[in-house]
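Novice: Structure incoming, see below.
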Amino acid sequence: SGCFAAGLFVSSFYTMGPVFCHHINLSVSQISYFMTTIVLGGLLLQWPVGAFSDHFDRSVVIPVVCVLFAVINGLMIVAAQSDFSIFLVTAAVFGGLMFTIYPSSVARTHDMFEPKDVVNVSSVLLLFFGIGAVIGPVASSTAIAFFDNPYGFFIFLSGASAVYALFSFILR
């Protein structure tokens, strides 16, 4: 389920992130900075979140990361309406949380299986990531249309992340 959520979030970001930025009238260079900052945030937060998940129960770490991701999505709405540098700092945290959901979920899943099952389990995880990746852009664009507002993008991501956090907490 974490891989599905990660696929949903990442594909939504890559397809609808630039659309959101265009709708709030960012320039092409600002959109480039936004996209780059999110990816760099994902790169930088891999180490601390990975270390945290190595020291604590991953079945607790994953819902915590998802709750934080839901919160940062709400903050993205506020940050997008403030100074661009604040928006970029918030975007870095957004990316850092979004890009750590998949590896945390993979690690948690592999903790539950024998080493001989790694290839089979990994193929299923990639399948669910792909299913989420197909649904994400359609769902996030539908949310933007439903709210008739580009901030519907972050409302969708926040809601989906909160649902996944609850789901993963219940399944633990």
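Novice: With springs only between Cα atoms under 10 Å apart, run a GNM on the chain and tell me which of 30, 81, 46 wobbles the most.
Specialist: 81
Novice: Just to be sure I understand: with springs between alpha-carbon atoms less than 10 Å apart, which residue in 28, 64, 93 has the highest mean-square fluctuation in the Gaussian network model of the chain?
Specialist: 28
Novice: Something else about it: Which of these, 120, 149, 73, has the largest mean-square fluctuation under a Gaussian network model of the chain (Cα springs below 10 Å)?
Specialist: 120
Novice: Determine ³J(HN,Hα), in whole Hz, for all residues of segment 156-172 in sequence, where each value follows from phi through the Karplus function 6.51 cos²θ - 1.76 cosθ + 1.60 and θ = phi - 60°; x replaces Gly and Pro.
Specialist: 4, 4, 5, x, 5, 5, 5, 5, 5, 4, 5, 4, 6, 5, 5, 6, 5
Novice: Do the sum for the chain: with -39,500 (n - 2.57) for every DSSP H run of n ≥ 4, divided by all residues, what is the mean residue ellipticity at 222 nm, to the nearest 500 deg cm²/dmol? Write down the numbers at each step before the final one.
Specialist: Numbers: 6 runs with 151 residues, N = 172.
Rounded to the nearest 500, it is -31000 deg cm²/dmol.
Novice: I've got another one for you. For the chain, with only Lys/Arg (+1) and Asp/Glu (-1) charged at the beta-carbon, what is the dipole magnitude about the Cα centre, in debye rounded to 20?
Specialist: Working: 4 positive and 7 negative charges, 14 e Å.
It comes to approximately 60 debye.
Novice: With only alpha-carbon atoms in the gyration tensor, what are the semi-axes of the equivalent ellipsoid for segment 94-143, in Å, largest first? Don't skip to the answer; put the middle values down first.
Specialist: Details: eigenvalues 128, 41, 7 Å².
The answer is 25, 14, 6 Å, longest axis first.
Novice: Counting pairwise Cα distances across the chain, what percent come out greater than 21 angstrom? Provide the component values of the computation, followed by the final result.
Specialist: Details: 6657 of 14706 pairs.
Percent of Cα pairs beyond 21 Å in the chain: 45.
Here, each number is a calculation from the coordinates, and none is a lab measurement. On a predicted model such as this, the values are computed, not experimentally measured, just so you know. Neighbour counts are summed over all protein chains in view; Cβ atoms, including those assigned to glycine, are modelled from backbone coordinates with ideal geometry.
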